[in-house]
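Inspection log for the structure reproduced underneath, given as structure tokens.
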Amino acid sequence: MPRNQRTIKSPVSVSGIGLHTGVKSTVTFKPAPENNGYRFIRTDIENCPEIIADINHVVDISRGTTIAQNGAVIHTIEHVLSALAGLEIDNVYIELDNIEPPVCDGSAIDFVRALKRAEIVEQEAIQPILVIDKIITYTDPKNNVDIHVLPADSFQITFLIDYPISSIGTQYSATYNLAEEFESDYAYARTFCLLSEVEGLKNRGLIKGGNANNAVVFIDRDISQDEIDRLKKMFNLSSELVAGQKGTLNGVQLRYYNEAVRHKILDLVGDFALLGIPVHAHVIAARSGHAHNVNLMKKIRQEYEKVIIRQKYQSKQTDGALFDISGILKLLPHRYPFLLVDKIIDIIPGETVTAIKNVSVNEPFFQGHFPEQKIMPGVLVIESMAQAGGLLMLKTMENAENKLVVLSGVDDARIRKPVIPGDQLRLEIKLTQFRLSTCKFRAAAYVGNDVVAEATIMATITDK
């Protein structure tokens with residue numbers, strides 16, 4: 001069932017230290033407008049650069065999810081995203097004054113509580129949903145990882161893990177109504193690792209902020225007093241460190257009997273948020289982690305990229321078109337009498353676009369070109385190709401609604417045949433070069449199977 005988009009009513013902050021970097025940081029959630037999605041803002045960097053939290057900006061997946069954009073980096077974002085997605089908050093600015101959000105107690109509950117204090121409010125726009133309509137699989141035989149994504153009428157997760165130690169063993173959990181179950185059943189689940197992993201993680205420059213209060217360490221081998229003393233020195237601990245009777249370091253009490261697998265679900269919810277759109281699907285995962293989750297997101301994004309774009313800009317599905325005029329009007333600034341694209345038939349973002357321009361006898365330019373023998377001006381045929389190229393670029397860029405694609409040059413233009421009233425122009429555009437803010441297309445216009453015009457078009461991308 002469709003629902004309205006949601007944001008928060010007022011700003012709210014959470015402070016602490018980062019799990020892997022050990023830096024002190026404060027994350028501040030702020031209300032955001034419709035269709036904004038999740039955007040991090042590094043307030044400690046000059047000009048406060050934004051980093052869009054989506055799969056296209058993931059740069060590292062070692063023990064967490066790291067994103068980067070315009071030279072700004074943020075580590076370990078999955079718990080923040082999980083809290084937002086679990087509460088069905090769609091639009092929010094996430095200000096951060098360092099390179100990593102606080103780990104808090106290793107779960108997402110502090111973020112959940114803060115967001116609820118900020119008060120979740122509905123917005124007017126309807127939230128698009130990506131409905132998975134076919135089976136998608138991801139397999140990593142080397143690590144015995146299998147993930148199956150099946151069609152479903154809501155977002156559901158079934159997760160299995162299998163560790164060869166008695167304190168974890170084989171664990172299973174499933175959620176069928178995340179909105180109702182997330183806070184009570186998953187938000188409290190803490191991040192975990194095995195004792196045998198701790199020194200390796202530390203030597204790799206990770207878990208600098210990790211301790212027995214923000215992670216569960218499961219003991220997977222015998223541990224001597226010498227090793228306990230070494231761990232205390234490694235983490236600068238003044239308190240006692242003991243091998244607990246329940247198979248956890250310091251005898252940490254578990255919050256759920258299967259806390260480890262529940263945290264895996266928490267992480268998976270956060271990684272799915274990188275798609276930038278809520279999903280209706282049943283995800284069945286076995287032994288998956290961040291790296292596998294992110295690879296799955298890339299696969300889903302590739303399979304459904306056209307659908308995701310259409311969901312964002314096209315209010316209703318139109319037979320025979322990826323975008324009709326209502327979607328085009330949301331992106332192109334042109335209006336009558338200079339809007340020369342009627343619909344988009346197909347698009348491969350960053351590669352090609354096929355568009356349609358229906359040439360009517362009522363076109364205003366026919367009044368003077370020519371009254372007795374109406375012919376569409378060749379420069380307007382080229383303009384229609386340029387507009388289609390602009391749509392290709394705007395679909396490819398971030399913040400497309402705030403950008404303009406401005407014609408900067410035309411080479412090798414040829415008008416092969418006249419275009420007259422009643423013709424339907426099929427515009428086929430291929431991106432051949434894109435560097436910084438300039439792009440080049442090879443464009444051709446067809447009527448039926450006949451090429452009526454072709455050109456190489458250059459354009460510059462600017463802010464509105």
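The values are calculated or read from the model by the stated rules, or taken from the named source; none is laboratory data. Since the model is a prediction, treat every value here as computed from it, not as a measurement. Positions of Cβ are backbone-derived with ideal geometry, glycine not excepted, and every protein chain shown enters the neighbour counts. The accessibility values were calculated without ligands, DNA or RNA, using every heavy atom of the protein model including side chains. Shrake-Rupley method; radii C 1.70, N 1.55, O 1.52, S 1.80 Å.
Which net charge results for the neighbourhood of Ala174, defined as the other residues with beta-carbon distances under 14 angstrom from its beta-carbon, given Lys and Arg at +1 and Asp and Glu at -1?
Details: positive: Arg262, Lys264; negative: Glu180, Glu181, Asp185.
Charge balance near Ala174 sits at -1.
Let me know the charge dipole size of the chain about its Cα centre in debye, to the nearest 20, where only the beta-carbon of Lys, Arg (+1) and Asp, Glu (-1) is charged.
520 debye
How many percent of the accessible area of the chain is carbon or sulfur, using a 1.4 Å probe?
49 percent
To make sure I understand the rule: partners must be lysines, Cα under 27 Å from the Cα of Lys24, and not fewer than 8 residues away in the same chain. Which ones qualify?
Answer for Lys24, where 27 Å is the Cα cut-off: Lys9, Lys116, Lys202, Lys208, Lys232, Lys233, Lys264, listed by chain and number.
If the viscosity is 1.002 mPa s and the temperature 20 °C, what translational diffusion coefficient in µm²/s does Stokes-Einstein give for the range 325-463 when Rh comes from Kirkwood over Cα pairs?
D = 143 µm²/s.
If you wrap a convex hull around the C-alpha atoms of the range 359-438 and split its volume per residue, what is the figure in Å³?
Here the figure is 123 Å³ per residue.
Along the Cα→Cβ direction, 7 angstrom out, place labels at Ala174 and Asn56. What is the inter-label distance in nm?
3.6 nm
Pick the calculated semi-axes √(5λ) of the Cα gyration tensor in Å for this structure from (i) 52, 21, 20; (ii) 67, 31, 26; (iii) 38, 31, 22?
Label of the calculated value: (i).
How do the peptides 271-283, 131-143, 194-206, 99-111 rank, highest first, by the average count of neighbouring beta carbon atoms within 10 Å per residue? It would help to have the intermediate numbers written out before the result.
Working: 271-283: 22.0, 131-143: 12.8, 194-206: 15.3, 99-111: 23.8.
Top of the packing list down: 99-111, 271-283, 194-206, 131-143.
Based only on Cα atoms, what Rg/Rh ratio does the range 30-77 have, Rh being taken as Kirkwood's radius?
Taking Rh as the inverse mean 1/r over Cα pairs, Rg/Rh reads 0.97.
May I ask you to derive the FRET efficiency for Ser13 and Tyr336 from their Cβ-Cβ distance with R0 = 41 Å, giving the value to the nearest 0.05?
0.30
Between Ser184 and Leu436, with labels modelled 7 Å along Cα→Cβ, what's the label distance in nm to one decimal, could you check?
Going from the Ser184 label point to the Leu436 one covers 5.7 nm.
Please report the antiparallel percentage of the DSSP beta bridges confined to the chain, to the nearest 5.
Just about 85 percent of them are antiparallel.
Quick one: compute the contact order of the range 4-125, relative version, from alpha carbon pairs under 8 angstrom and 6+ residues apart, as a percent.
Relative contact order of the range 4-125: 41 percent.
Just subtract the alpha-carbon distance of Asp105 and Asp346 from 0.36 nm times their residue separation and send over the number in nm, one decimal.
Details: separation 241, 0.36 × 241 = 86.76 nm, distance 4.73 nm.
Result: 82.0 nm gained on full extension.
For Thr43 and Ala68, what does the FRET efficiency come to when R0 = 22 Å and r is the distance between their Cβ atoms, rounded to the nearest 0.05?
Details: r = 16 Å, r/R0 = 0.74.
About 0.85, to the nearest 0.05.
Can you pull the one-decimal nm distance between simple spin-label points at Arg221 and Ile420, each 7 Å off the Cα toward Cβ?
About 8.4 nm, to one decimal.
May I ask you to derive the FRET efficiency for Lys298 and Glu372 from their Cβ-Cβ distance with R0 = 60 Å, giving the value to the nearest 0.05?
The formula returns an efficiency of 0.55 here.
So, for the chain, what is the accessible surface per residue at a probe of 1.4 Å, expressed in square angstrom?
Roughly 46 Å² per residue, with all protein chains present.
Just to confirm my numbers, what's the Cα centroid distance between the range 290-358 and the range 405-464 in Å?
Answer, in whole Å: 18.
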